[in-house]
Amino acid sequence: TGRTRPERLLQYLQKNGTRGDANNVVDTIDRFCGTVEWAMNVGGEKGKIVDKVVLETNPGTVLELGTYCGYSAVRMGRLLAPGSRLITLEMNPAYAKVAKEVIAFAGLDKQVEVLVGSTTELIPQLKKKLDIDTFDMIFLDHWKQSYLPDTKLLEECGLLRKGTVLLADNVICPGTPDYLQYVRSSPKYLSQHFPSVLEYTNAPDGLEKSVYLG
Ligand SMILES: O=c1[nH]cnc2c(O)cc(-c3ccc(F)cc3)c(Cl)c12
Ligand SMILES: [Mg+2]
């Protein structure tokens, strides 16, 4: 039974959530993390900003770096138009296993696909693996040290197009200074900061939205 935090989160969802109701899944996971056990989901406050960016962008293809338990995949997947696809990369197989069950519980397993492996290994394979040419939106939420190298890798692999929206979590806490400096100074991006708080706390954090200009 729930030996790990992701397993305890999944068990709480299976016990207290409504299968097939993605909005309820988001609220139920937020209740678990707010009342039982903190977990590193993007959460409700930053999640409202993610919702706004997704609805404004209306992406047909989304790439998420860092799945964890699938909270943000469900949060974004629930807002996508029919026929849209969200691909999420997770290097920890135990996390990916829980995420697949959370995504299926939410009824989003047709729109959301979890790939297990490192971003460095998977990003160069995406065009071959999926019949996707470029992504309309990227959500960076994996490891702070990887944001910048993976962004450059996405550019090199031709997975970004004029207007692709990059949305990055945790640019304040834990903080991604090299990534911020790059997207804010490079002529290839137009960046905007959204101050917020670290999930389930009142510690300062924020999201950075950067539009790729090609
Ligand atoms: O590693 C992370 N990946 C993706 N999102 C994350 C997040 O939203 C929060 C944190 C975090 C921040 C402060 C703290 F005290 C403990 C954990 C981490 Cl460490 C990650
Ligand atoms: Mg995060």
**Q.** Sorted by Cβ density within 10 Å, fewest first, the residues Thr120, Thr176
**A.** Thr120, Thr176
Q. When DSSP assigns beta bridges and you keep just the ones with both residues in region 114-214, what percent turn out antiparallel, to the nearest 5?
A. 70
(Q) For the chain, what does the helix formula give at 222 nm: sum of -39500 (n - 2.57) over DSSP H segments with n ≥ 4, over the residue count, nearest 500 deg cm²/dmol? (A) -12000 deg cm²/dmol
Q | Segments 64-72, 202-210, 164-172 sorted - mean Cβ within 10 Å per residue, highest first | A | 64-72, 164-172, 202-210
Q) What base-10 log of the normalised intensity I(q)/I(0) is obtained for region 1-128 from the Debye formula, alpha carbons as equal point scatterers, at q = 0.13, 0.18, 0.21, 0.22 Å⁻¹? A) -0.48, -0.94, -1.26, -1.37
Q | Angle between the chain longest axis and helix 22-35 axis [Cα atoms, degrees, rounded to 10] | A | 70
**Q.** Where the Cα pairs of the chain fall when distances are cut into 5 Å bins, in %
**A.** 1, 7, 17, 20, 22, 17, 10, 4, 1, 0, 0
**Q.** Contour excess over end-to-end distance, with Cα ends at Thr35 and Arg184 and 0.36 nm allotted per residue
**A.** 50.0 nm
Q) Going by alpha carbons, how many degrees (0 to 90, nearest 10) lie between the helix axis of 93-105 and the longest principal axis of the chain? A) 70
Q: Pull out the extension gain between Asp51 and Asn202, defined as 0.36 nm times the separation in residues minus the alpha carbon to alpha carbon distance; nm, one decimal.
A: 52.4 nm
Q. Among Arg75, Arg3, Arg8, which comes first, then next, by fewest other beta-carbon atoms within 10 Å?
A. Arg3, Arg8, Arg75
Q: Report, to the nearest 10°, how far helix 43-57 tilts away from the longest principal axis of the Cα atoms in the chain, using its own Cα long axis and a range of 0 to 90°.
A: 50
Q) Which entries of Lys46/Lys110; Lys15/Lys97; Lys110/Lys152; Lys46/Lys129 show an alpha-carbon separation above 22 angstrom in the structure shown? A) Lys46/Lys110; Lys110/Lys152; Lys46/Lys129
Q. Of all the Cα-Cα pairs you can form in region 101-214, what percent are over 16 Å apart?
A. 63
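Each value in this text was obtained by applying a stated rule to the coordinates, not by laboratory testing. None of these values were measured; they are calculated from a predicted model. Neighbour counts are summed over all protein chains in view; Cβ atoms, including those assigned to glycine, are modelled from backbone coordinates with ideal geometry.
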